[in-house]
Ligand SMILES: Cc1cc2nc3c(=O)[nH]c(=O)nc-3n(C[C@H](O)[C@H](O)[C@H](O)COP(=O)(O)OP(=O)(O)OC[C@H]3O[C@@H](n4cnc5c(N)ncnc54)[C@H](O)[C@@H]3O)c2cc1C
């Protein structure tokens, strides 16, 4: 399979990239790591006359720790995110998510921005971004805007990003003390496989009473977009952090919060059952990490 012909542009700034996009409109596409885009071009799922590479724009690849939050540039690779100390220390579920993407070769190229723009319901980084309440940072020639990640996904391959915008990065607030988070993905093979179900959970608890202060659960591969499991989260708040509560949350997530379909990777019934199992397991580990 050969790539079709296109003109290649390598702007050195966000402004230059946006000007090129404005000039070429819908005939142009941004390129980050290319691990989705080039596959789609080769398979003729999409066509384009102009590729605007974002790889020379250094600011897009930065990961910066601020006192209250961390900012991850859209073009930070999965490998770079995984190796960053602040991600390892404070955002372990995101680290697990990016570590599960493809192979070493893919993680050295694939970017967080590309995974989010691709908007697959099964994307490995997306549940963690949901539980950490990431803000999506967007920029156009008219200005900047921020969108909570849970409002960003509109359907498989569809997002809230406008045609004249670039995704510049993500802002993740630091998790509170006495909180923990965990991510588990289930695929048919261990790597380079689209997930059958993937779940991330976040838990904050009061160490004196053991009561759950806040809980966030995100489910992947069981709806048209990655989703929050809101009924399961509501059930947990105020309950004692223990196995029974985590099991009940898993049952709620399984029966009331997800809308899985049958496909060749797994039946809807199997996916529902696995939502229950993985929700309970991710909550149990999140609680252990919160107590450290
Ligand atoms: C062999 C293989 C295995 C894979 N395994 C996994 C896996 O296990 N889990 C998983 O989740 N994914 C997997 N993927 C999919 C892919 O690697 C990820 O979705 C990756 O994160 C995409 O990032 P990228 O930088 O390569 O995006 P690109 O291919 O460069 O771009 C993807 C799309 O996003 C747009 N885009 C990218 N960045 C921006 C930006 N900053 N602003 C605006 N638009 C932008 C592009 O125009 C394009 O439409 C795999 C892919 C391959 C080829």
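Readers should treat all values here as calculations from the given coordinates under stated rules, not as data from a laboratory. Remember, predicted model here, so these are calculated numbers, not experimental data. In this analysis, Cβ positions are derived from the backbone assuming ideal geometry, glycine residues included, and neighbour counts consider all displayed protein chains.
Given the alpha-carbon gyration tensor of the chain, what are the semi-axes of its equivalent ellipsoid in whole angstrom, ordered largest first, with each equal to the square root of 5 times an eigenvalue?
34, 21, 16
How big is the gap, in Å, between the Cα center of segment 1-20 and the Cα center of segment 252-292?
40
Extension gain residue 133-residue 255, at 0.36 nm per residue separation less the Cα-Cα distance, in nm?
41.5 nm
With labels modelled as points extended 7 Å from the Cα through the Cβ direction, what inter-label distance (nm, one decimal) is found for residue 288 paired with residue 270?
Placing both labels 7 Å beyond Cα along the Cβ direction yields 2.7 nm.
Can you give the relative contact order of the chain as a percent, counting alpha carbon pairs under 8 Å and 6+ residues apart?
15
Sorted by mean Cβ packing within 10 Å, highest first, what order do the peptides 72-84, 28-40 take?
So the order, starting with the most tightly packed, is 72-84, 28-40.
Neighbour counts of other C-beta atoms within 10 Å: give me 182, 104 arranged from fewest to most.
With the sparsest Cβ surroundings first, the list reads 104, 182.
Based on the Cβ-Cβ distance of residue 206 and residue 162, what FRET efficiency does E = 1/(1 + (r/R0)^6) give at R0 = 41 Å, to the nearest 0.05?
0.45
Which distance in Å, rounded to a whole number, links the C-alpha centroids of segment 105-143 and segment 63-83?
12
At 222 nm, what helix-only mean residue ellipticity would the chain give, in deg cm²/dmol to the nearest 500, using -39500 (n - 2.57) for each DSSP H run of four or more?
-9500 deg cm²/dmol
Compare 67, 11, 207 in a GNM of the chain, Cα atoms joined below 10 Å, and give the one with the largest fluctuation.
Per the Cα network of the chain with a 10 Å cutoff, 67 tops the list.
For residue 86 and residue 38 in one chain, what is 0.36 nm times their gap in residues minus the Cα-Cα distance, to one decimal in nm?
So the chain would gain 14.2 nm between residue 86 and residue 38.
With an 8 Å Cα cut-off and a minimum separation of 6 or more residues, compute the relative contact order for segment 5-90 in percent.
Relative contact order of segment 5-90: 30 percent.
How far, in nm, would the chain grow between residue 237 and residue 13 when pulled straight, counting 0.36 nm per residue and subtracting the alpha carbon separation?
76.2 nm is the gain from fully extending residue 237 to residue 13.
Take the Cα of residue 58, step 7 Å along the line toward its Cβ, and report every residue of segment 5-20 whose backbone nitrogen sits under 18 Å from that point.
10-17
Nearest-5 percent of antiparallel DSSP beta bridges in the chain?
Approximately 85 percent, going by the DSSP bridge assignments.
Explain nothing, just the number: relative contact order of segment 179-290, from Cα pairs under 8 Å at least 6 residues apart, as a whole percent.
Once normalised by length, the contact order is 32 percent.
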